[in-house]
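Structure, as structure tokens:
Since every read-out is calculated from the coordinates, none of them should be taken as a lab result. What you see is a predicted model, and the numbers here were worked out from it, not measured in a lab. Here the Cβ positions follow ideal geometry from the backbone for every residue, glycine too, while neighbour counts run over all protein chains shown.
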Amino acid sequence: MIEKGQKIPAYLGTDAYGNKVFADDFAGKALIIYFYPKDNTPGCTAEACSIRDGYEKLREAGYEVIGISKDSGKSHLKFAEKYTLPFILLSDTDTEVNQAFGVWAEKKMAGRTYMGTLRTTFITDKDHTVTDVITKVDTKHAAAQLESIIFKEV
């Protein structure tokens, strides 16, 4: 997993319209990149809505928010529209970005083992060097969790 002090990978995924998105597209902007397992699931919806509700405060602090999952662009469009999500959702259908960030891993649920996305949030500075990594995401209070880190740093 990418750690504090490391630069994020150049390639971040594909937007809902099929355009490849790169870290350089956000030159000079601090980033909050959050990886989540699946659109329209209870935990992922709670996390997205919490970040949505704190979005303006995060933007005022100079951060751009990017959500990344394996879902398709079509799924992201519906998810963003349904919950009025104002930030970018990127698709990583082949898990290339998940793997580059180190969040694609073996998971266990109900006695079954499978590969999946580890819910993780990366916070970067304006040069896209990771300043914090949240591995224990509080989905219902994700924005407050981010704010406690970001405003502590300021």
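When a/c reaches 1.5 or more, the comparison of a/b and b/c decides; with that in mind, is the chain rounded, prolate or oblate per its Cα gyration tensor? Taking the square roots of the gyration eigenvalues as a ≥ b ≥ c, the chain is rounded.
In this Cβ point-charge picture (+1 for Lys and Arg, -1 for Asp and Glu), the range 1-90 has a dipole of about 160 debye about its Cα centre.
How high is the relative contact order of the chain, given as a whole-number percent (alpha carbon pairs under 8 Å, six or more residues apart)? If you can, show how the numbers build up before the last one.
Details: 294 pairs, mean separation 50.4, N = 154.
About 33 percent, as a whole number.
Toward the positive end of the charge dipole of the range 1-134, with +1 on the Cβ of Lys and Arg and -1 on the Cβ of Asp and Glu, the farthest Cα among Thr95, Ile123, Thr45 is that of Thr45.
Summary of packing: across the peptides 107-116, 143-152, 71-80, the per-residue average of other C-beta atoms within 10 Å ranks them, highest first, as 71-80, 143-152, 107-116. For the residues Tyr55, Tyr83, Tyr36, a GNM of the chain with alpha-carbon springs under 10 Å puts the largest fluctuation on Tyr83. When both bridge partners sit in the chain, DSSP labels roughly 65% of those beta bridges antiparallel. Amide H contacts of Gly67: Tyr34, Ile88, Leu89, Leu90, each under 5 Å away and 5 or more positions distant or on a separate chain (H built 1.01 Å from N in the peptide plane; Pro and chain starts excluded). Relative to one another, the C-alpha centroids of the range 115-133 and the range 5-24 are positioned 13 Å apart. What the phi angles of the range 16-23 give under the Karplus curve with 6.51, -1.76 and 1.60, with θ = phi - 60°, is a coupling list of 5, 9, x, 7, 6, 10, 10, 4 Hz, glycine and proline written as x. Taken about its Cα centre, the chain carries a charge dipole of about 500 debye when Lys and Arg each add +1 at the Cβ and Asp and Glu each add -1 at the Cβ.
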